[in-house]
Amino acid sequence: MENNKVSIIGKIISGFTFSHKVFGEGFYMVDVSVKRLSGQADIIPIMVSERLIDVHENYIGCAIEALGQFRSYNCHEGVRNRLLLSIFVREVHFMDEFTDYTKTNQIFLDGYICKVPIYRKTPLGREIADILLAVNRPYGKSDYIPCISWGRNARYASSLSVGTKVKIWGRIQSREYTKAISETECEERIAYEVSISKMYLN
């Protein structure tokens, strides 16, 4: 699928956990730490087939390149749905140490705006617009991917209407937040989104 392409390079920082089986093929989740130019890291979950990698080995600390698609899954939590995002891996390569962090995290999406963009300003006056992009998959399925744009891109995005077809280039980023479960309970969670660097009407 040419409308959803991701490539990341980073270090494996967790073991493999079983996700599901399709036609006897097991799929497993593992976390990869991907460095930003700033030195900070994004923790990105990848879903990989047991046919691509030996899921019983310990690869913590190993550098890998993963190529695939950014996908969303609905997870039912009580009466609510939660959108889970991960990279569905089509190719994986083990690498030596990597230093060019400009190429460690790249994504291209071609899809439709499926929710009215939300435009806002930070306390320091930085402009931001949140977009939810629907990217078609085969067999009538779609992935719903949260994207965030800044500055001039944010102003441009805020003028777009639901159903507009756009092409987006950027990077996947992770963000920690606190979710209130009840009046007394909170839970630390991680949200994933695409930080947009370029955006064009298709």
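Derivation of every value follows stated rules applied to the coordinates shown; laboratory data play no part. This is a predicted model, so every value here is computed, not measured. A quick note on method: Cβ atoms are made from the backbone with ideal geometry, for glycine too, and the neighbour counts reach across all protein chains shown.
With the dipole of the stretch 83-202 worked out from charges on the C-beta (+1 for Lys and Arg, -1 for Asp and Glu) around the Cα centre, which of 191, 98, 123 lies farthest toward the positive end?
Among 191, 98, 123, the one farthest towards the positive end of the dipole of the stretch 83-202 is 123.
Fewest Cβ neighbours within 10 Å first, please rank 103, 11 accordingly.
Ranked by crowding around the Cβ, least crowded first: 103, 11.
Across the stretch 80-91, in residue order, what do the Karplus-derived ³J(HN,Hα) couplings come to in whole Hz, using 6.51 cos²θ - 1.76 cosθ + 1.60 with θ = phi - 60° and x for Gly and Pro?
Each residue's phi maps through the Karplus curve to give 10, 9, 10, 7, 9, 10, 7, 8, 8, 8, 9, 9 Hz.
Please arrange 55, 135 by counting, for each residue, the other beta carbons lying within 10 Å of its beta carbon, fewest first.
The most exposed by this proxy come first: 55, 135.
Could you list the residues of the stretch 125-140 with an amide nitrogen less than 11 Å from a label point located 7 Å from the Cα of residue 82 in the Cα-to-C-beta direction?
none
In whole Hz and in residue order, list the ³J(HN,Hα) couplings for the stretch 103-115 that follow from phi through the Karplus curve 6.51 cos²θ - 1.76 cosθ + 1.60, θ = phi - 60°; x for Gly and Pro.
Karplus values, whole Hz, x for Gly and Pro: 10, 8, 8, 9, 9, 10, 10, 10, x, 10, 5, 10, 8.
So what is the relative contact order for the chain, in percent, with contacts set as C-alpha pairs under 8 Å and at least six apart?
19 percent
Starting with the fewest neighbours, write out 95, 47 ranked by other beta-carbon atoms found within 10 Å of each beta-carbon.
Listing 95, 47 from fewest to most nearby Cβ atoms yields 95, 47.
List the relative contact order of the stretch 10-89 as a percent without decimals, with contacts defined as Cα pairs under 8 Å and 6+ residues apart.
28 percent
Taking the stretch 1-128, how many lysine pairs are there with alpha carbons less than 27 Å apart, if each pair must be eight or more places apart or span two chains?
9
What's the FRET efficiency of residue 201 with residue 122 using the Cβ-Cβ distance as r and R₀ = 22 Å, to the nearest 0.05?
Working from the Cβ atoms, E equals 0.25.
Binned at 5 Å from 0, what are the whole-percent values of the Cα-Cα distance distribution for the stretch 60-172, short to long?
2, 10, 16, 19, 17, 15, 12, 7, 2, 0
Roughly how large, in nm² to one decimal, is the mean projection of the convex hull of the alpha-carbon atoms in the stretch 107-201?
7.6 nm²
If you plug each phi of the stretch 64-74 into the Karplus form 6.51 cos²θ - 1.76 cosθ + 1.60 with θ = phi - 60°, what whole-Hz ³J(HN,Hα) values come out, in order, with x for Gly and Pro?
9, 10, 10, 10, x, 10, 8, 10, 10, 9, 8
For residue 43 paired with residue 22, estimate the spin-label separation in nm (one decimal), with each label point 7 Å from Cα along the Cα-to-Cβ line.
2.7 nm
Based on the Cα gyration tensor of the chain, what are the three equivalent ellipsoid semi-axes, each the root of five times an eigenvalue, rounded to whole Å and given largest first?
Each semi-axis is √(5λ); the values are 27, 20, 19 Å.
Taking the Cα centre of the stretch 107-201 as origin, work out the dipole magnitude from +1 charges on Lys and Arg Cβ and -1 charges on Asp and Glu Cβ, in debye rounded to 20.
In total the dipole reaches around 580 debye.
Taking the Cα centre of the stretch 43-199 as the origin, how large is its charge dipole in debye, to the nearest 20, when only Lys and Arg (+1) and Asp and Glu (-1) carry charge on their Cβ atoms?
Dipole size: approximately 1080 debye.
Run through all the Cα pairs of the stretch 4-104 and give the fraction in each 5 Å bin from 0, expressed as whole percent.
Histogram of Cα-Cα distances, whole percents per bin: 2, 12, 22, 25, 18, 11, 6, 2, 1, 0.
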